[in-house]
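Asker: Just passing along the structure, written as structure tokens.
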Amino acid sequence: MPAWLPKLNPALAPRLHALLQPGSVAQDSDSAEFHVRAVMEDACQGRATDMHFEPFSGGWRVRLRIDGVLHDAAQVSAELGQRMVRSLRIAANLDPVVSFTPQDARCRFALLDRTLDLRLATVPCVGGEKLALRLLDPQRIQHHIEELGLRPVPRRGNH
């Protein structure tokens, strides 16, 4: 690995790293769905708010934003990275072939016991295109005012 590449943190994407190992269930599959689902599960378990797929000379880098910090979580081959991005584009009803114009979309993704709202944005770059996903988990953001350390304001009657 070149010295300029940041160090990966396999602990941020354990399911994806397990699928990338020789002899795994997904090794014989042509579908990128296994890998997309694995990285989504990893992102949810790690409380990630964003996921980035970025091409570079040796393949694709998967990055997760956790608590405001972008972490390099995994690297996949150029072929697998392209298939994963294409799979996400199809899920969001974006044209899977057009990669030379910026596009954005939204979709829902059923995962484990919840449904995520995804916002996708693609941007052309030198190595192909970058894909950024915002992961919105409605279950995670439902808070009561008391949990935030605030008190409800009493309502005044219509006098």
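Asker: At R0 = 22 Å, how high is the FRET efficiency between E147 and R47 if r is their beta carbon distance? Nearest 0.05 is fine. Each step should come with its number before you reach the end.
Answerer: Details: r = 17 Å, r/R0 = 0.75.
Taking R0 as 22 Å, the efficiency between E147 and R47 is 0.85.
Asker: Scan around H71 for amide H atoms under 5 Å from its own, H built in the peptide plane at 1.01 Å from N, and keep only partners 5 or more places away or cross-chain.
Answerer: Under 5 Å from the amide H of H71 lie the amide H atoms of L64, R65, I66, each far enough along the sequence or on another chain.
Asker: For the range 126-136, take each phi angle, set θ = phi - 60°, evaluate the Karplus expression 6.51 cos²θ - 1.76 cosθ + 1.60, and give the result in whole Hz per residue in order, putting x for glycine and proline.
Answerer: 4, x, x, 8, 9, 10, 10, 10, 9, 9, 10
Asker: Follow-up question, since we're still on this one. Say each of V97 and L112 gets a label point 7 Å from the Cα, pointing the same way as Cα to Cβ; how far apart are those two points in nm?
Answerer: 3.8
Asker: Tabulate in residue order the Karplus-calculated ³J(HN,Hα) for the range 97-113, using 6.51 cos²θ - 1.76 cosθ + 1.60 with θ = phi - 60°, rounded to whole Hz; enter x for Gly and Pro.
Answerer: 9, 6, 10, 9, 10, x, 9, 9, 7, 9, 7, 10, 9, 6, 8, 6, 9
Each value in this text was obtained by applying a stated rule to the coordinates, not by laboratory testing. No experiment lies behind these values; they were computed from the predicted model shown. So basically every Cβ, Gly included, is an ideal-geometry build from the backbone, and we count neighbours across all protein chains shown.
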